[in-house]
1. Given the structure, is GLN53 without any contact (Cβ under 8 Å) to a residue 60 or more places away in the chain, of a type outside the set (Gly, Ala, Ser), assigned to a helix (DSSP H, G or I) and exposed (fewer than 10 other Cβ atoms within 10 Å of the Cβ)?
2. Restricting attention to the range 1-32, and to residues there that are touching a residue at least 40 places away in the same chain (Cβ under 8 Å) and of a type outside the set (Ser, Thr, Tyr), which single residue is farthest from ARG58 (Cα to Cα)?
3. If you go through the range 5-32, how many residues are within 18 Å of GLN55 (Cβ to Cβ) and either of a type in the set (S, T, N, Q) or touching an Asp or Glu at 6+ places or on another chain (Cβ under 8 Å) (or both)?
4. Any idea how many residues of the range 30-49 are surrounded by 12 or more Cβ atoms within 10 Å (Cβ to Cβ), out of contact with any strand residue (DSSP E or B) (no Cβ under 8 Å at 6 or more places or on another chain) and part of a helix (DSSP H, G or I)?
5. Has the range 23-40 got any residue that is small (Gly, Ala, Ser), modelled with pLDDT of 95 or more and within 18 Å of ARG5 (Cα to Cα)?
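The values are calculated or read from the model by the stated rules, or taken from the named source; none is laboratory data. These numbers were taken from a predicted model, which means no experiment stands behind them. Because the Cβ atoms are built from the backbone with ideal geometry, glycine has one as well, and the counts that use them run over all protein chains shown.
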Amino acid sequence: MTGERYLTTGEVARKLGISPRTLARYVREGLLEPSLTLPSGHHRWAWDDVVRQMQEYRQQNRPGT
């Protein structure tokens, strides 16, 4: 993630086309893991990590696998 900044939960939610509450639910359910959790409890995300996690989830949950 060299030179790339971390995204807020709101920014990631917008890029995914979901609400921040839905993204928070994905975190609670273990579907996505933030790149960083601040002492305040807020999450920060590296976009490459989000994309990788989504690809891994899709591969693990393909029908017939």
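1. Criteria not met by GLN53.
2. Quick first cut of the range 1-32, residues touching a residue at least 40 places away in the same chain (Cβ under 8 Å) only: 1, 4, 6-7.
Then drop every residue that is not of a type outside the set (Ser, Thr, Tyr), which leaves 1, 4, 7.
Working: MET1: 22, GLU4: 25, LEU7: 22 Å.
Filtering first and then ranking leaves GLU4.
3. Going through the range 5-32 one residue at a time, the tally reaches 1.
4. Within the range 30-49, the first condition is being surrounded by 12 or more Cβ atoms within 10 Å (Cβ to Cβ), and the residues that meet it are 31-35, 37, 43-47, 49.
So of that shortlist, the ones also out of contact with any strand residue (DSSP E or B) (no Cβ under 8 Å at 6 or more places or on another chain) come out as 31-33, 49.
Going one step further and asking which of them are part of a helix (DSSP H, G or I), we end up with 49.
Total satisfying the criteria: 1.
5. Looking for residues that are small (Gly, Ala, Ser), modelled with pLDDT of 95 or more and within 18 Å of ARG5 (Cα to Cα), one finds at least one in the range 23-40, hence yes.
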